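The values are calculated or read from the model by the stated rules, or taken from the named source; none is laboratory data. The structure presented is a predicted model; accordingly, all values stated were derived computationally and were not measured. A quick note on method: Cβ atoms are made from the backbone with ideal geometry, for glycine too, and the neighbour counts reach across all protein chains shown.
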Amino acid sequence: MSKKYHFPSSVDVIRFLFSNWKVVLGIPFLVAVIVAVYSLFIPNKFKSTANLLPSQRPSFGLDLFSEDGGLSSIASSVLGGNTDETNRYIVLLSSYSTSKKIIDKFDLINVYEVNGADDEVGEAIKVLNERSTFENLEEGNFIISVLDEDPVRAKEITDYYVQLLNELNTKIVSKDARLYREFLEIRYNQLIGDLDSLQQEYIKFQKQYGVFELPEQVKEYFRLMGLLTAQQLEAEVKLQALSSTVSTSSDVYKTQKVQYEAITKKLNELYNDEDPENIILNFNSLAEVGSEYYDLFFQIEIQTEIQKFLLPLYEQAKMEEAKSLPIVSVIDEPRVALIKSEPRRSIIVIFTGISAFILVTGYMVSRFTYLQNKEFFDSLRS
């Protein structure tokens, strides 16, 4: 007949633990002492931190556009120091090329004692990544922190991270600015050439046929067509500017593309309107001389309106390209730490001691339960 399993009472367990207090407390104490001694051999590490604020990126002319909260608001929300921008900082700082420059500059292969490894650079990068922290804060600032056994070297590495971040960002922004300037330059030079040819033809026409007086209705219509054509170019330039700062799949870009296509459609409808009162159709049906004069005047009005819009953008684009401003502003310079950040020996010892106490207590309770039910377990084996 097998014995019944007996659950020991809490009082019996406590009495057993008290009777074996030397084991229950002695082993955790001994473990804590050993860990404390071991922790003394762990090198101290010092942290240096830089607190950065992303600067405003070049607007690529978006701040010259409408004041109705359209592109002017996009310029501040898209081109400023937003989450996408600071996420790009993390990508740049974590890149192989950035890590390699830091490893070479500070001889980290020897400092981290990875010389002789199959992949010395790779191993050094692993250690560097473990000791480097890049963080976006909700307030909008960006944090770079570096841990090192030498507090001076920790500060110097942090400083170099900031320097490399500005250099890499400046290259990217400069390339965007150059491409944008080249785009405007091609359009502007083409415009100047076309306008000059039209004006030469206009002068030649007046010398040959005299001056034609256009009705005010026609002049006003031509000005409106010129403004609409300039708006089409404005929408195209906005698209070009946005393509340098946001993804073509973003809502901002898609919205602007819809506006561009709507203006283009409206222009095509006006040019191809078959309404008998359409002024363009009417002057095309005039005598050859009158039609030629209307056409010249019409094209000059359009090109003039486009020039008024394009010139300030082109001038600003040249200034943006010539700028060489830091992309991040340093709020708090990295400093040489006077107090270590790691290891936190007291926490290590306390955590280890508590863990050892829990394990030993659990073992002793299990041991007591087994002794109280020894006959039951023996009967199971037999």
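Taking Leu296 as the residue in question, decide whether it is in the same structural domain as Ile186 (by TED's automatic domain parsing), buried (at least 18 other Cβ atoms within 10 Å of the Cβ) and modelled with pLDDT of 75 or more. Quick ask: steps written out before the conclusion?
Working: in the same structural domain as Ile186 (by TED's automatic domain parsing): yes; buried (at least 18 other Cβ atoms within 10 Å of the Cβ): yes; modelled with pLDDT of 75 or more: yes.
Against the criterion (in the same structural domain as Ile186 (by TED's automatic domain parsing), buried (at least 18 other Cβ atoms within 10 Å of the Cβ) and modelled with pLDDT of 75 or more), Leu296 qualifies.
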_Please go through (1) under 30 Å from Leu179 (Cβ atoms); (2) charged (D, E, K, R); (3) modelled with pLDDT of 85 or more for Lys318 and return the number of the only condition it doesn't satisfy._
(3)
*Would you check if Leu179 is at negative phi and touching a strand residue (DSSP E or B) at 6+ places or on another chain (Cβ under 9 Å)?*
no
*Quick one: what pairs do we get from the range 19-38, first residue not assigned by TED's automatic domain parsing to the domain that holds Thr352, second surrounded by 14 or more Cβ atoms within 10 Å (Cβ to Cβ) and modelled with pLDDT under 90, C-beta under 9 Å, 6+ apart or different chains?*
none
_Count of the range 153-207 residues which are within 26 Å of Leu310 (Cα to Cα), among the basic types (Lys, Arg), surrounded by fewer than 19 Cβ atoms within 10 Å (Cβ to Cβ) and over 22 Å from the mean Cα position of the chain (by Cα)_ = 1
*May I ask you to verify whether Gln240 is in a helix (DSSP H, G or I), at pLDDT below 80, of a type outside the set (Ser, Thr, Tyr) and within 25 Å of Met319 (Cα to Cα)?*
yes
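Might you let me know whether the range 156-178 holds any residue that is among the aromatic types (Phe, Trp, Tyr) and not assigned by TED's automatic domain parsing to the domain that holds Glu301? Step through it out loud before you land on a result.
First, pick out the residues of the range 156-178 that are among the aromatic types (Phe, Trp, Tyr): 160-161.
Checking the rest, the ones that are also not assigned by TED's automatic domain parsing to the domain that holds Glu301 come to 160-161.
Yes, the range 156-178 contains a residue that is among the aromatic types (Phe, Trp, Tyr) and not assigned by TED's automatic domain parsing to the domain that holds Glu301.
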*Working only within the range 25-43, note down all residues that are surrounded by 15 or more Cβ atoms within 10 Å (Cβ to Cβ) and modelled with pLDDT under 85.*
Ser39
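Any idea how many residues of the range 110-125 are among the acidic types (Asp, Glu) and assigned to a helix (DSSP H, G or I)? Steps first, please.
Here is the first cut: in the range 110-125, the residues among the acidic types (Asp, Glu) are 113, 118-120, 123.
Filter once more, so that each one left must be assigned to a helix (DSSP H, G or I): 120, 123.
Number satisfying all stated conditions: 2.
I'm checking my understanding of the structure. Among residues of the range 243-290 that are acidic (Asp, Glu) and surrounded by 11 or more Cβ atoms within 10 Å (Cβ to Cβ), which one is modelled with the highest pLDDT?
Narrowing the range 243-290 to residues acidic (Asp, Glu): 251, 261, 269, 273-275, 277, 288.
Still in the running and surrounded by 11 or more Cβ atoms within 10 Å (Cβ to Cβ): 261, 273.
Working: Glu261: 86, Asp273: 57.
Only one residue tops the list, namely Glu261.
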*Among the numbered criteria (1) within 30 Å of Glu149 (Cβ to Cβ); (2) exposed (fewer than 14 other Cβ atoms within 10 Å of the Cβ), which single criterion is violated by Arg367?*
(1)
_Cross-chain or 6+ apart pairs with Cβ under 8 Å, the range 296-311 first and closer than 12 Å to Leu227 by Cα, then modelled with pLDDT of 80 or more and β-branched (Val, Ile, Thr)_ = Gln307/Ile192
*Report the residue count in the range 160-181 for those that are touching a Lys or Arg at 6+ places or on another chain (Cβ under 7 Å) and closer than 14 Å to Leu53 by Cα.*
0
*List the pairs whose first member sits in the range 146-175 and is free of Cβ contacts under 8 Å to residues at least 60 places away in the same chain, whose second member is surrounded by fewer than 16 Cβ atoms within 10 Å (Cβ to Cβ) and outside any strand (DSSP E or B), and whose Cβ atoms are under 7 Å apart, counting only residues at least 6 apart or on separate chains?*
Tyr160/Lys105
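If I ask for residues that are over 21 Å from Ile339 (Cα atoms) and crowded, with 16+ Cβ neighbours inside 10 Å, which ones from the range 135-150 would you list?
Start the filter on the range 135-150 by keeping residues that are over 21 Å from Ile339 (Cα atoms), which leaves 135-142.
Correct list: Asn136, Asn141, Phe142.
Residue-wise test of (1) under 30 Å from Pro151 (Cα atoms); (2) aliphatic (A, V, I, L, M).
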{"residue": "Phe16", "(1), (2)": "no, no"}
{"residue": "Val23", "(1), (2)": "no, yes"}
{"residue": "Pro28", "(1), (2)": "no, no"}
{"residue": "Leu52", "(1), (2)": "yes, yes"}
